[in-house]
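Trainee: Next up is a structure, given as structure tokens.
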Amino acid sequence: MAKAVSISVPRMTALGRAEFILLGRNKMGLYVALLLPVMMVWGVRRAIGEVDLGEAGMSVNEVALTGAFGYILLFAVYQHLVSAYVARREELVLKRLRTGETSDAEILTGTALPAVAVALAQCVLLVVAGVLWLDLRSVARPDLMAIGLLLGVAMSIALAAVTASWAKTVQGSQLVTSPLMLISVAGSGLMVPLEAMPDTMADICSLLPLTPVIQLVRGGWLGGMSAHEAGGAILTGIAWTIVAAYGAKRWFRWEPRR
Amino acid sequence: MDIGDSVIDVSGLRRRYGPAGDEGFEAVRDISFTVARGELFALLGTNGAGKTSTVELLEGLAEPTAGEVRVLGHDPYAERSAVRPRIGVMLQEGGFPADLTVAETVRMWAGCTTGARPVAEALELVDMLRRKDVRIKQLSGGERRRLDLALALLGRPEVLFLDEPTTGLDPEARHNTWELVRRLRAEGTTVLLTTHYLEEAEALADQLAIMREGRIVSSGTPEEVIGSYPARIRFAMPVGWFVGDLPPLAELGVVRHEEERGRIELQTRELQRTLTGLLLWAREKNVELEGLDARTASLEEAFLAIAGAGPAGEPAGAGPGAGLGVDSVAGRNA
């Protein structure tokens, strides 16, 4: 008999609300979700002041602010969620939840809701701050930006679920998230836009998971992205999201290993 | 099979961990039973007997290696969404976020449950209402168990699965839980519970099954299970008298006898006949049987006879209701 796949919004909201209360009571979680992205953007902005961006045709502010979306996804969604999934698993909360009516996908998504809300709020703030105070143009292609963010959020949740299976403790989750964080910061255009990289390197970096997300957000805000480029980025982003979601379904652990 | 009568149907159930052969471990080995609507069914067994592994299959948390499970007429694993709204589950070791309060936890669970009771009503059931604003991490083990039970009852389930519901409770809380379970059963709830408190099984169960090494080795009503074990008569022979002086034991219905330093134990399935014969002989010979003691088997004796003594170092048979040193860590109770 076919397994019914149903997504219940009230159930996810109930989980999301509890998770939101928990986020408010977790100082480390708040720090990672709220302060770290801001601090990273600040640091990056200072650092790339030294880099010659002439070739990329972008200003320092443009690179820093569009790259900031990547930091938000990495810290507020990806890293925060790995900690949250590991914590709930080790507390046996996930095991307990699985005995109820909530489906696996609802549990993972519901738990992610506060992180997603925080991240999206930060993104909106970023656009407002960029346009009002830092003299960036208004968003050229909101549709591309929205698609980029949507893919980024979905991919970050799925990657967090995969990554959570490698950590046994919340402390350990800091360690297991670092490879993707480092690779993304260095290679996905968060600091140095791909346009400013040597061609071969740019080709390789364009295949990294977060690269299409940053490209779509950047192209969406600053304009100048061809339909061909946008299509390629969307496809790469979808491919990574599907791979990550499959990995999560395959490897996510619902109870502690004993 | 008449689905209207049996709420839980298990046939030929097996559960294997790891690969085939010596590498893996078969925790559940071909068990079958049925639980009728409104019945309370207790699963007893020592550590590692396979109780929790079995219950997890019934709850739909895992897929059986072989065999079939039907809960309310559905496969609880493949048809999870059909079964879950109608059952309540209390795991042996459930978890809640440490930083949520009791009321917040119940509210979260209620949001995930069809037709949930109001939060206050659920907490009142388990006498936890006055603890509603306390964080989970500040609760005692017994309070966590009661909260867990409240969540299992939140959706007014037709079938309730309780994996060691009273472990860690003080005697008063345990009796309150028993009362609650009795009341739920009286209201028509079907209950399947595992326990290592024999007293609990004897007090609550309509039917019980004793598991050992993944198999059901004895089942029936508590009376039937107990009845299949011999009664015991103990006494001491006076100085100068020996077992050989008694009438032929087989004629008295004795199935087994032991003698240790003058103390004799006779086992019989016909207590009255054996005892009558013994006492008539004693009167005839004018013999005083010192410390005469005759008793039918208790569930504890039946259990010990079936399941064997507890793990090394455990005082097997330490008083009625004593835990038999079983089931320590959740998840390992394969």
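Trainee: Give the residue, chosen from A:214, A:242, A:238, that is in contact (Cβ under 8 Å) with a residue 40 or more places away in the chain and either open to solvent by 40 Å² or more (accessible area, probe 1.4 Å) or of a type in the set (Lys, Arg) (or both).
Mentor: Details: A:214 fails: either open to solvent by 40 Å² or more (accessible area, probe 1.4 Å) or of a type in the set (Lys, Arg) (or both); A:242 fails: in contact (Cβ under 8 Å) with a residue 40 or more places away in the chain.
From the options A:214, A:242, A:238, the qualifying one is A:238.
Trainee: Just one of the numbered conditions (1) over 13 Å from the mean Cα position of the chain (by Cα); (2) crowded, with 19+ Cβ neighbours inside 10 Å is not true of residue A:169; which one?
Mentor: Status for residue A:169: all satisfied but (2).
Trainee: Quick check: anything in segment B:157-164 in contact with a helix residue (DSSP H, G or I) (Cβ under 7 Å, 6 or more places away or on another chain), assigned to a helix (DSSP H, G or I) and under 29 Å from residue A:84 (Cβ atoms)?
Mentor: no
Trainee: Suppose we filter segment B:32-63 for residues that are more than 23 Å from residue A:95 (Cβ to Cβ) and over 16 Å from the mean Cα position of the chain (by Cα); how many remain?
Mentor: Of the residues in that region, 4 qualify.
Trainee: When you scan segment B:79-134, how many residues do you find that are outside any loop (DSSP other than H, G, I, E, B), under 22 Å from residue B:175 (Cα atoms), within 25 Å of the chain's Cα centre (by Cα) and of a type outside the set (A, V, I, L, M, F, W, C)?
Mentor: The total comes to 1.
Trainee: OK, next. Go through segment B:104-124 and give me each residue that's hydrophobic (A, V, I, L, M, F, W, C) and crowded, with 18+ Cβ neighbours inside 10 Å.
Mentor: Within segment B:104-124, the first condition is being hydrophobic (A, V, I, L, M, F, W, C), and the residues that meet it are B:106, B:108-110, B:112, B:116, B:119-120, B:122-123.
B:106, B:108, B:109, B:110, B:112, B:116, B:119, B:122, B:123 - these are the residues of segment B:104-124 that are hydrophobic (A, V, I, L, M, F, W, C) and crowded, with 18+ Cβ neighbours inside 10 Å.
Trainee: Does segment A:19-39 hold any residues that are among the hydrophobic types (A, V, I, L, M, F, W, C) and open to solvent by 60 Å² or more (accessible area, probe 1.4 Å), and which are they? Full working, then the answer.
Mentor: So the first thing to find is which residues in segment A:19-39 are among the hydrophobic types (A, V, I, L, M, F, W, C), and the list is A:20-23, A:28, A:30, A:32-36, A:38-39.
Correct list: A:20, A:28, A:34, A:35, A:38, A:39.
Trainee: Without any contact (Cβ under 8 Å) to a residue 40 or more places away in the chain, acidic (Asp, Glu) and open to solvent by 10 Å² or more (accessible area, probe 1.4 Å) - does that describe any residue in segment B:6-21?
Mentor: No, there is no match, as no residue in segment B:6-21 is without any contact (Cβ under 8 Å) to a residue 40 or more places away in the chain, acidic (Asp, Glu) and open to solvent by 10 Å² or more (accessible area, probe 1.4 Å).
Trainee: Also, I was wondering about something else. So which residues in segment B:248-262 are open to solvent by less than 90 Å² (accessible area, probe 1.4 Å) and either among the β-branched types (Val, Ile, Thr) or over 31 Å from the mean Cα position of the chain (by Cα) (or both)? Can you show your working first?
Mentor: The first filter runs over segment B:248-262 and keeps only residues open to solvent by less than 90 Å² (accessible area, probe 1.4 Å), leaving B:248-250, B:252-255, B:258, B:262.
Across segment B:248-262, the qualifying residues are B:248, B:249, B:250, B:252, B:253, B:254, B:255, B:262.
Trainee: Mind checking which pairs have a first residue in segment B:44-65 that is within 25 Å of residue B:199 (Cβ to Cβ) and a second that is open to solvent by less than 20 Å² (accessible area, probe 1.4 Å) and part of a helix (DSSP H, G or I), Cβ under 6 Å, 6 or more apart or different chains?
Mentor: B:44/B:201; B:45/B:51; B:46/B:307
Trainee: Still on this structure: So, residue B:37, is that one open to solvent by 30 Å² or more (accessible area, probe 1.4 Å), more than 13 Å from every other protein chain (Cβ to nearest Cβ), more than 17 Å from residue B:213 (Cα to Cα) and touching a residue at least 40 places away in the same chain (Cβ under 8 Å) or not?
Mentor: Working: open to solvent by 30 Å² or more (accessible area, probe 1.4 Å): yes; more than 13 Å from every other protein chain (Cβ to nearest Cβ): yes; more than 17 Å from residue B:213 (Cα to Cα): yes; touching a residue at least 40 places away in the same chain (Cβ under 8 Å): yes.
Yes; evaluated as a whole, the condition is true for this residue.
Trainee: Go through segment A:107-123 and give me each residue that's buried (at least 22 other Cβ atoms within 10 Å of the Cβ) and either within 14 Å of chain B (Cβ to nearest Cβ) or in contact with a His (Cβ under 7 Å, 6 or more places away or on another chain) (or both).
Mentor: Of everything in segment A:107-123, those that are buried (at least 22 other Cβ atoms within 10 Å of the Cβ) and either within 14 Å of chain B (Cβ to nearest Cβ) or in contact with a His (Cβ under 7 Å, 6 or more places away or on another chain) (or both) turn out to be A:107, A:108, A:110, A:111, A:114, A:115.
Condition check ((1) within 13 Å of chain A (Cβ to nearest Cβ); (2) of a type outside the set (Lys, Arg); (3) within 17 Å of residue B:42 (Cβ to Cβ)) across all residues:
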site: B:109; (1), (2), (3): yes, yes, no
site: B:113; (1), (2), (3): yes, yes, no
site: B:127; (1), (2), (3): no, yes, no
site: B:147; (1), (2), (3): yes, yes, no
site: B:154; (1), (2), (3): yes, yes, no
site: B:168; (1), (2), (3): no, yes, no
site: B:171; (1), (2), (3): no, yes, no
site: B:175; (1), (2), (3): no, yes, yes
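Trainee: Follow-up. Confirm whether residue B:73 is more than 10 Å from chain A (Cβ to nearest Cβ), in contact with a Ser or Thr (Cβ under 7 Å, 6 or more places away or on another chain) and either open to solvent by 40 Å² or more (accessible area, probe 1.4 Å) or under 30 Å from residue B:11 (Cα atoms) (or both). It would help to see each step written out before you state the result.
Mentor: Details: more than 10 Å from chain A (Cβ to nearest Cβ): yes; in contact with a Ser or Thr (Cβ under 7 Å, 6 or more places away or on another chain): no; either open to solvent by 40 Å² or more (accessible area, probe 1.4 Å) or under 30 Å from residue B:11 (Cα atoms) (or both): yes.
Judged against the criteria, residue B:73 is not a match.
Trainee: Taking segment A:9-18 only, how many residues are more than 8 Å from chain B (Cβ to nearest Cβ) and either modelled with pLDDT under 85 or open to solvent by less than 70 Å² (accessible area, probe 1.4 Å) (or both)? Give the steps one after another, and end with the answer.
Mentor: Of the residues in segment A:9-18, the ones more than 8 Å from chain B (Cβ to nearest Cβ) are A:9, A:12, A:16.
Still in the list and also either modelled with pLDDT under 85 or open to solvent by less than 70 Å² (accessible area, probe 1.4 Å) (or both): A:12, A:16.
Total satisfying the criteria: 2.
Trainee: Specify the residue that is nearest to the other protein chains (Cβ to nearest Cβ); the eligible residues are those in segment A:96-106 that are open to solvent by 30 Å² or more (accessible area, probe 1.4 Å) and either in a helix (DSSP H, G or I) or closer than 17 Å to residue A:23 by Cα (or both).
Mentor: Restricting to residues being open to solvent by 30 Å² or more (accessible area, probe 1.4 Å) and either in a helix (DSSP H, G or I) or closer than 17 Å to residue A:23 by Cα (or both), the top hit is A:104.
Trainee: Among B:120, B:82, B:49, which is the only one that is at the interface with chain A (Cβ under 9 Å from one of its Cβ atoms) and among the small types (Gly, Ala, Ser)?
Mentor: Numbers: B:120 fails: at the interface with chain A (Cβ under 9 Å from one of its Cβ atoms); B:49 fails: at the interface with chain A (Cβ under 9 Å from one of its Cβ atoms).
Just one listed residue meets the conditions, B:82.
Residue-by-condition table, conditions (1) out of contact with any helix residue (DSSP H, G or I) (no Cβ under 8 Å at 6 or more places or on another chain); (2) over 30 Å from residue A:87 (Cβ atoms):
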site: A:150; (1), (2): yes, no
site: A:168; (1), (2): no, no
site: A:188; (1), (2): no, no
site: A:192; (1), (2): no, yes
site: A:204; (1), (2): no, yes
site: A:225; (1), (2): no, yes
site: A:232; (1), (2): no, yes
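Trainee: Just to verify a result, which residue in segment B:263-297, among those that are among the hydroxyl-bearing types (Ser, Thr, Tyr) and under 33 Å from the mean Cα position of the chain (by Cα), is surrounded by the fewest Cβ atoms within 10 Å (Cβ to Cβ)?
Mentor: Step one: filter segment B:263-297 for residues among the hydroxyl-bearing types (Ser, Thr, Tyr), giving B:268, B:274, B:276, B:296.
Those left that are additionally under 33 Å from the mean Cα position of the chain (by Cα): B:268, B:274, B:296.
Details: B:268: 23, B:274: 23, B:296: 13.
Filtering segment B:263-297 for residues that are among the hydroxyl-bearing types (Ser, Thr, Tyr) and under 33 Å from the mean Cα position of the chain (by Cα), the one surrounded by the fewest Cβ atoms within 10 Å (Cβ to Cβ) comes out as B:296.
Trainee: May I ask you to verify whether residue B:182 is farther than 30 Å from residue B:102 by Cβ and open to solvent by 10 Å² or more (accessible area, probe 1.4 Å)? Please lay out each step first, then the result.
Mentor: On the way: farther than 30 Å from residue B:102 by Cβ: no; open to solvent by 10 Å² or more (accessible area, probe 1.4 Å): yes.
For residue B:182, the condition - farther than 30 Å from residue B:102 by Cβ and open to solvent by 10 Å² or more (accessible area, probe 1.4 Å) - is not met.
Trainee: Within segment B:198-283, considering only strands (runs of 3 or more DSSP E) that don't extend past its boundaries, which have at least 2 residues that are of a type outside the set (Asp, Glu) and touching a Pro at 6+ places or on another chain (Cβ under 9 Å)?
Mentor: Numbers: elements: B:207-212, B:215-220, B:231-236, B:254-260, B:263-268.
Passing ranges, in order: B:207-212, B:254-260, B:263-268.
Conditions (1) within 14 Å of another protein chain (Cβ to nearest Cβ); (2) more than 20 Å from residue A:241 (Cα to Cα); (3) in a loop (DSSP other than H, G, I, E, B), marked per residue:
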residue: A:46; (1), (2), (3): no, yes, no
residue: A:65; (1), (2), (3): no, yes, no
residue: A:68; (1), (2), (3): no, yes, no
residue: A:71; (1), (2), (3): no, no, no
residue: A:94; (1), (2), (3): yes, yes, no
residue: A:125; (1), (2), (3): no, yes, no
residue: A:128; (1), (2), (3): no, yes, no
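The values are calculated or read from the model by the stated rules, or taken from the named source; none is laboratory data. Keep in mind it's a predicted model, so treat the numbers as computed, not measured. Glycine also receives a Cβ, built like all others from the backbone with ideal geometry; neighbour counts cover every protein chain displayed. Each accessible area value is taken on the protein alone, full model and side chains, heavy atoms only, with ligands, DNA and RNA left out. Shrake-Rupley method; radii C 1.70, N 1.55, O 1.52, S 1.80 Å.
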